[in-house]
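Here the structure is laid out as structure tokens; the discussion comes afterwards.
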Amino acid sequence: MSEMDKNNPDKNIPAVEVEDMTVAYREKPVLWDVDLVVPSGVLMAIVGPNGAGKTTLLKATLGLIKPAAGKVLIYGRPYPEQRQLVAYVPQRGTVDWDFPTTALDVVMMGRYGHLGWISRLSKNDRTIAFEALEKVGMEKFADRQINQLSGGQQQRIFLARALVQDAQIYFMDEPFQGVDATTERAIIDLLRDLRSSGKTIIVVHHDLQSVPEYFDWVTLLNVRKIAGGPVDEVFTEKNLRAAYGGRVGFLGLTLTENNSVKKD
Ligand code: ADP
């Protein structure tokens, strides 16, 4: 496949296919035989109770942890060949924010994947990074040390870093965690913009209430995959009960006529 084709994949092929993914920590399986097909261009939530294996699924898909079994295809080809199509926004809490660096530098780091051997970041990379800061409303903080930013601001910086990677597929681990309502709105607008430009976005999400409003595709996980598909079809009480073990009644969700779950 030529470089050109790699950056412009065939959108009729699923963006992500995971087959038979099994992960165990110290022999205890936390993901069991998970298959996933994510069509190109969807905005997908991965939901499930705490400890369901959501973060583990992202990490194993991206090769950050080694599965006991499993295969990952990105636009039909093995992940190692397609790395440059993928951007990852980890959970904010897992990152060392005391590293002495500015917001702009963190975003610039997202450009390294675009560089050849020993080349330097150019003025153009700097412009691209600055534009990404503008997109997430953080341009005024470009020179601020990252440890002096609020949680929501740090989350925006992470998103800006993912944006400059100019990927086709974005994996995000709880991007709404600990952000205020304005930032949540800004982030969801950004995710929708990405989807409009043909990108595929996969988001670990824990607020069930907002799933029908924010997402068009959903995977319900609890060690095994419970269900996956269009929100209208699979975000049902039956599947939620299967994933959450009957506790779903406490979540204040009501059913629509077609038995899918909608916000009150
Ligand atoms: P979720 O993201 O759905 O909350 P995780 O993928 O973080 O779930 O975790 C799934 C299970 O794996 C949990 O039981 C968790 O305690 C366990 N786990 C996660 N990371 C590790 C690790 N590095 N070592 C051992 N167990 C882990």
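The values are calculated or read from the model by the stated rules, or taken from the named source; none is laboratory data. All figures in this text were calculated on a predicted structure; none of them were measured in a lab. Ideal geometry is used to build each Cβ from the backbone, glycine not excepted, and the neighbour counts take in all protein chains shown. Keep in mind that these areas ignore ligands, DNA and RNA; they rest on the heavy atoms of the full protein, side chains included. Shrake-Rupley method; radii C 1.70, N 1.55, O 1.52, S 1.80 Å.
Listed values, structure above:
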quantity: Derived scalar couplings ³J(HN,Hα) [region 20-35; Karplus, 6.51 cos²θ - 1.76 cosθ + 1.60; whole Hz; x for Gly, Pro]; calculated: 6, 6, 10, 10, 10, 9, 6, 6, 8, x, 10, 9, 10, 6, 8, 10
quantity: Mean Cβ count within 10 Å, highest first, over the residues of peptides 215-222, 191-198; calculated: 215-222, 191-198
quantity: Highest average packing first - 75-83, 14-22, 156-164, Cβ atoms within 10 Å; calculated: 156-164, 14-22, 75-83
quantity: Rounded to whole Hz, the Karplus (6.51, -1.76, 1.60) HN-Hα couplings of region 196-201, x for glycine and proline; calculated: 4, 8, x, 7, 10, 10
quantity: Cut-off under 5 Å, modelled amide H: who pairs with LEU31 long-range; calculated: VAL23
quantity: Exceeding the 26 Å Cα-Cα cut-off - candidates LYS71/LYS238; LYS28/LYS199; LYS59/LYS225; calculated: LYS71/LYS238; LYS28/LYS199
quantity: Apportionment of accessible area to carbon and sulfur, region 19-64, percent (1.4 Å); calculated: 48 percent
quantity: Amide hydrogen neighbours beyond the local backbone of ARG144, cut-off 5 Å, H modeled; calculated: ALA103, LEU104
quantity: 3J(HN,Hα) from dihedral phi, region 232-245, Karplus parametrisation 6.51/-1.76/1.60, rounded to Hz, x for glycine, proline; calculated: 4, 8, 10, 8, 10, 4, 4, 5, 5, 5, 5, 7, 9, x
quantity: For VAL203, residues with placed amide H under 5 Å, excluding near neighbours; calculated: MET44, ALA45, ILE46, MET172
quantity: Qualifying aspartates and glutamates (Cα of each under 19 Å from Cα of LYS123; at least 8 residues distant if same chain); calculated: ASP105, GLU131, GLU134, GLU139, ASP143, ASP166
quantity: Region 115-197, accessible area per residue, ligands and nucleic acids excluded (1.4 Å, Å²); calculated: 51 Å²
